[in-house]
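Peer 1: Here it is, the structure in full.
The values are calculated or read from the model by the stated rules, or taken from the named source; none is laboratory data. For clarity, every value in this text was computed on a predicted model and none was experimentally measured. In this analysis, Cβ positions are derived from the backbone assuming ideal geometry, glycine residues included, and neighbour counts consider all displayed protein chains. Quick note on the areas: whole protein, heavy atoms, side chains included, nothing else; ligands and nucleic acids left out. Shrake-Rupley method; radii C 1.70, N 1.55, O 1.52, S 1.80 Å.
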Amino acid sequence: MPFIVCELFAHPSGGTVAFAFTALDKLVEALGEAQPWVAASIGPLAEAMDEQGVTVLLDPRLRPAEPNWRPEDLAAYAREVRR
């Protein structure tokens with residue numbers, strides 16, 4: 001059965017958030033080029049996250065930081081989920 005995994009982040013307010021982006025270039029600008037992603041409707045995503053007590057931030061502006069994912073991380077993740 002297919003599934004979607006959402007990466008969650010700690011928010012300065014003390015809560016947990018998921019990021020959603022309206023365009024791929026906005027995701028790349030915020031988090032770097034090597035990102036696992038899926039196209040989805042914001043409504044069902046927000047509902048699913050709300051059930052877990054997680055807020056969805058749309059097009060968040062983030063301070064430049066080290067990317068969470070590197071190309072080799074993404075390749076290893078893709079191999080793992082294909083098992």
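Peer 1: When you look at ASP73, is it touching a residue at least 12 places away in the same chain (Cβ under 8 Å), surrounded by 13 or more Cβ atoms within 10 Å (Cβ to Cβ) and on the phi > 0 side of the Ramachandran plot, yes or no?
Peer 2: no
Peer 1: Which one of ARG83, ARG61 is of a type outside the set (A, V, I, L, M), within 18 Å of ALA20 (Cβ to Cβ) and either touching a residue at least 60 places away in the same chain (Cβ under 8 Å) or in a loop (DSSP other than H, G, I, E, B) (or both)?
Peer 2: ARG61
Peer 1: Still on this model: Checking GLN35 against (1) at pLDDT below 90; (2) loosely packed, with under 12 Cβ neighbours inside 10 Å, only one condition comes out false. Which one?
Peer 2: Unmet for GLN35, out of (1) at pLDDT below 90; (2) loosely packed, with under 12 Cβ neighbours inside 10 Å: (2).
Peer 1: Which one of the conditions (1) closer than 14 Å to ILE4 by Cα; (2) at pLDDT 85 or above; (3) open to solvent by less than 90 Å² (accessible area, probe 1.4 Å); (4) of a type outside the set (Gly, Ala, Ser) does VAL81 fail to meet, given that it meets all the rest?
Peer 2: Only one criterion in (1) closer than 14 Å to ILE4 by Cα; (2) at pLDDT 85 or above; (3) open to solvent by less than 90 Å² (accessible area, probe 1.4 Å); (4) of a type outside the set (Gly, Ala, Ser) is unmet by VAL81, namely (2).
Peer 1: Now, a different point. How many residues, within the stretch 3-32, are part of a loop (DSSP other than H, G, I, E, B), surrounded by fewer than 15 Cβ atoms within 10 Å (Cβ to Cβ) and not acidic (Asp, Glu)?
Peer 2: Within the stretch 3-32, residues that are part of a loop (DSSP other than H, G, I, E, B), surrounded by fewer than 15 Cβ atoms within 10 Å (Cβ to Cβ) and not acidic (Asp, Glu) number 10.
Peer 1: Next question, about the same structure. Select from the stretch 38-70 the residues that are open to solvent by less than 70 Å² (accessible area, probe 1.4 Å), at pLDDT 90 or above and among the aliphatic types (A, V, I, L, M) and list them in ascending order.
Peer 2: Of everything in the stretch 38-70, those that are open to solvent by less than 70 Å² (accessible area, probe 1.4 Å), at pLDDT 90 or above and among the aliphatic types (A, V, I, L, M) turn out to be LEU45, ALA46, ALA48, MET49, VAL54, VAL56, LEU57.
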